[in-house]
Amino acid sequence: MWKKTEKWIVKWEILLFILIGVAIFRIPNLFEPYWYGDEGIYLGVGRAINSGVRLYSQIHDNKPPLLYWIAALTSGEQFWYRLFFFAWMLLTTVIFYKIASRVVPKSTTLATLVFAILTTWPSWEGNIANAELFFLLPILSGFGLVLTNKSKNIFWGGVMYGLAILFKVPAGFSLLVWPVFWILEKRPAWLKKCLLLGTGVLIPILITFGISFIQGSIAEYTQIAWLQNIPYLSSWTGQVATGIFSIKVRGIILALALAVTLGLNKRWGKLATILGVWALFDLFAALLSARPYPHYLLQMAPAVALLLGVADHESRARWVAGGVAMLLVLSYSLFGFYHYRGVEYYANFGAFVTGQKSLSEYRGWFDGQVNNNYVIAETIKSWSDENEKIFVWGDQPTIYPLSDRLPCGRYLAKYHVLDFFSPSQTWDELADCKPKIIVDMSDFGGSLSDYMLVRQVDDTKIYRRMK
């Protein structure tokens, strides 16, 4: 028994060491306060789903449903949601390692280390359970299946890509590498393969439409999760987004980069070409909205890590890797992607667990509003019952899961109302919903005639309904 165990450990020791490293660097993720706005929305929507609220028609966010279903599965509680994410990323790393051992067997360790660092380090939001990290698992699974070039596996690979899209629509760009590769290689029956892949992609998506139809929310699901995302991509303003690097210009640059990569494929080799094309499609997907959030770029992590693995032992592949790296660095700079604190993140956690920082100081490091939100949440709990709904007028959706209360209305953030609805209609809905608590964080325009001020936390006013 011990000999078998020893052989298994020796076989997988590199992967085990990497997984231990990933686990150690992710432990602080489990103990972060409720501070990240998007996660607050996911958790708030998840809690609403568990309470029987219909997704999209009665509670709003603009992504496909898988992220919210995971939040519902974890009871809308951040610790369990993060623990699920913790295990998910370990499994994602395992899948990447297995693919790397097939694609770049001479550089498996290097590629996996690069992937683990890119998807874990907090500077580019590797610590946050966003869709971009969740959909890497089905994308990698799909890539591994389609890579076998067997009809059955191509279909199931399509299913995996379809699941990735159900986390976030830009994940679909990752599968475009296959039709391009099949045409380039003049593979027989490429059209049949495209149909198999496309059918696989559509099946999980159509299942979600069926679920929405049964729930009576298909019109809202179609509009919010799919059609509404098209204008959303162009809603970000700024010189780069609307000027010289508009989405049309980005499309032209993508086409030129693809033409160069494909035109020189014989010189650079098949593997470098396919990974380069994959990375280019993912870069375009990351830049679609021109928003400067670094977690968008994490979609590129698998292709970039594998491409570096190829370049490590194939000199001709270094031209492709260098070109992708140059475009990535230029994009990071031109689009002004944010860069967050990495080493300081772990120093903050270390200071807290060793008693050098108080809980308040630890929480305040993440955001200046976090401690206030905890006070606001405790006030809400003391002035309302668990089954009573509240309304927060502001962009702090974490208050909903933090206070264990459901929103009065469909929207959990002020910017959702401004982007997708209107304040005046919101005030009309509140008059019918009659939330027990209204939290005014900035310029609330609805009626407060039936409410009394029970507490003020800095500039935030908390009102309780009197009747």
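Within segment 149-161, is there a residue that is within 28 Å of residue 207 (Cβ to Cβ), within 16 Å of the chain's Cα centre (by Cα) and in a helix (DSSP H, G or I)? So far as segment 149-161 goes, yes, one or more of its residues are within 28 Å of residue 207 (Cβ to Cβ), within 16 Å of the chain's Cα centre (by Cα) and in a helix (DSSP H, G or I). Filtering segment 37-79 down to residues that are assigned to a loop (DSSP other than H, G, I, E, B) and of a type in the set (Val, Ile, Thr), which residue is farthest from residue 167 (Cα to Cα)? Taking the candidates together, the pick is 53. The numbered conditions (1) at pLDDT below 90; (2) not in a helix (DSSP H, G or I) are all true for residue 292 except (1). Among the residues of segment 406-446, those that are assigned to a loop (DSSP other than H, G, I, E, B), among the charged types (D, E, K, R) and open to solvent by 40 Å² or more (accessible area, probe 1.4 Å) comprise 410, 434, 443. Look at segment 247-275: where a residue is touching a residue at least 40 places away in the same chain (Cβ under 8 Å) and a partner is among the acidic types (Asp, Glu) and surrounded by 16 or more Cβ atoms within 10 Å (Cβ to Cβ), sitting 6+ places away or on another chain with Cβ atoms under 8 Å, you get 269/314; 271/314; 272/314.
For every residue, the table says whether it meets (1) crowded, with 21+ Cβ neighbours inside 10 Å; (2) at pLDDT 95 or above.
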| position | (1), (2) |
| --- | --- |
| 287 | yes, no |
| 301 | yes, yes |
| 304 | yes, yes |
| 349 | no, yes |
| 353 | no, yes |
| 356 | no, yes |
| 361 | no, yes |
| 373 | yes, yes |
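Conditions (1) of a type in the set (S, T, N, Q); (2) farther than 21 Å from residue 102 by Cβ; (3) modelled with pLDDT of 95 or more; (4) open to solvent by less than 10 Å² (accessible area, probe 1.4 Å), marked per residue:
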position	(1), (2), (3), (4)
137	no, no, yes, no
150	no, no, no, no
164	no, no, yes, yes
214	no, yes, yes, no
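Is it true that residue 19 is within 18 Å of the chain's Cα centre (by Cα), surrounded by fewer than 21 Cβ atoms within 10 Å (Cβ to Cβ) and at pLDDT 95 or above? No, not satisfied.
The residues in segment 139-148 that are open to solvent by 50 Å² or more (accessible area, probe 1.4 Å) and within 26 Å of residue 78 (Cβ to Cβ) can be counted, and the count is 0. Whether any residue in segment 388-404 is within 22 Å of residue 41 (Cα to Cα), open to solvent by 60 Å² or more (accessible area, probe 1.4 Å) and modelled with pLDDT of 95 or more is what I want to check. Yes; the residues of segment 388-404 include at least one that is within 22 Å of residue 41 (Cα to Cα), open to solvent by 60 Å² or more (accessible area, probe 1.4 Å) and modelled with pLDDT of 95 or more. Determine whether residue 159 is surrounded by fewer than 24 Cβ atoms within 10 Å (Cβ to Cβ) and touching a residue at least 60 places away in the same chain (Cβ under 8 Å). In short, no. From the set of residues in segment 34-73 that are over 13 Å from residue 130 (Cα atoms) and among the hydroxyl-bearing types (Ser, Thr, Tyr), which is farthest from the chain's Cα centre (by Cα)? Once the filter is applied, the top-ranked residue is 51. Taken together, the residues in segment 378-387 that are surrounded by fewer than 21 Cβ atoms within 10 Å (Cβ to Cβ) and within 17 Å of residue 453 (Cα to Cα) amount to 6. The residues of segment 449-464 that are within 16 Å of residue 408 (Cβ to Cβ) and either in contact with a helix residue (DSSP H, G or I) (Cβ under 8 Å, 6 or more places away or on another chain) or open to solvent by less than 50 Å² (accessible area, probe 1.4 Å) (or both), listed by number, are 451, 462, 463, 464.
Among all positions in segment 4-11, there is no residue which is under 19 Å from the mean Cα position of the chain (by Cα) and either open to solvent by 10 Å² or more (accessible area, probe 1.4 Å) or on the phi > 0 side of the Ramachandran plot (or both).
Filtering segment 167-195 to residues that are buried (at least 16 other Cβ atoms within 10 Å of the Cβ) and of a type in the set (D, E, K, R) leaves 168, 193. Of all residues in segment 314-324, those satisfying the criterion of being open to solvent by less than 70 Å² (accessible area, probe 1.4 Å), in a helix (DSSP H, G or I) and in contact (Cβ under 8 Å) with a residue 12 or more places away in the chain are 317, 320, 321, 323, 324. The sole residue among 219, 225, 257 that is open to solvent by 30 Å² or more (accessible area, probe 1.4 Å), among the small types (Gly, Ala, Ser), modelled with pLDDT of 80 or more and not in a loop (DSSP other than H, G, I, E, B) is 219. Across segment 22-62, the qualifying residues are those that are open to solvent by less than 10 Å² (accessible area, probe 1.4 Å) and in contact with a Gly (Cβ under 6 Å, 6 or more places away or on another chain), and the one among them that is farthest from residue 80 (Cα to Cα) is 46. Is it fair to say residue 200 is surrounded by fewer than 16 Cβ atoms within 10 Å (Cβ to Cβ) and more than 21 Å from residue 270 (Cβ to Cβ)? When the stated conditions are applied, residue 200 does not pass them. Restrict the check to segment 231-242 and report whether at least one residue is at pLDDT 90 or above, in contact with a helix residue (DSSP H, G or I) (Cβ under 9 Å, 6 or more places away or on another chain), surrounded by 13 or more Cβ atoms within 10 Å (Cβ to Cβ) and among the small types (Gly, Ala, Ser). Taking every residue of segment 231-242 in turn, none turns out to be at pLDDT 90 or above, in contact with a helix residue (DSSP H, G or I) (Cβ under 9 Å, 6 or more places away or on another chain), surrounded by 13 or more Cβ atoms within 10 Å (Cβ to Cβ) and among the small types (Gly, Ala, Ser). Residues of segment 285-296 that are in contact with a Phe, Trp or Tyr (Cβ under 6 Å, 6 or more places away or on another chain) and either of a type outside the set (D, E, K, R) or closer than 15 Å to residue 139 by Cβ (or both): 285, 286, 289, 290, 292, 294.
The values are calculated or read from the model by the stated rules, or taken from the named source; none is laboratory data. None of the values given here were measured: they were computed from a predicted structure. Note that each Cβ is placed from the backbone with ideal geometry, even for glycine, and that neighbours are counted across all protein chains shown. For accessibility, only protein heavy atoms count, side chains too; no ligands or nucleic acids. Shrake-Rupley method; radii C 1.70, N 1.55, O 1.52, S 1.80 Å.
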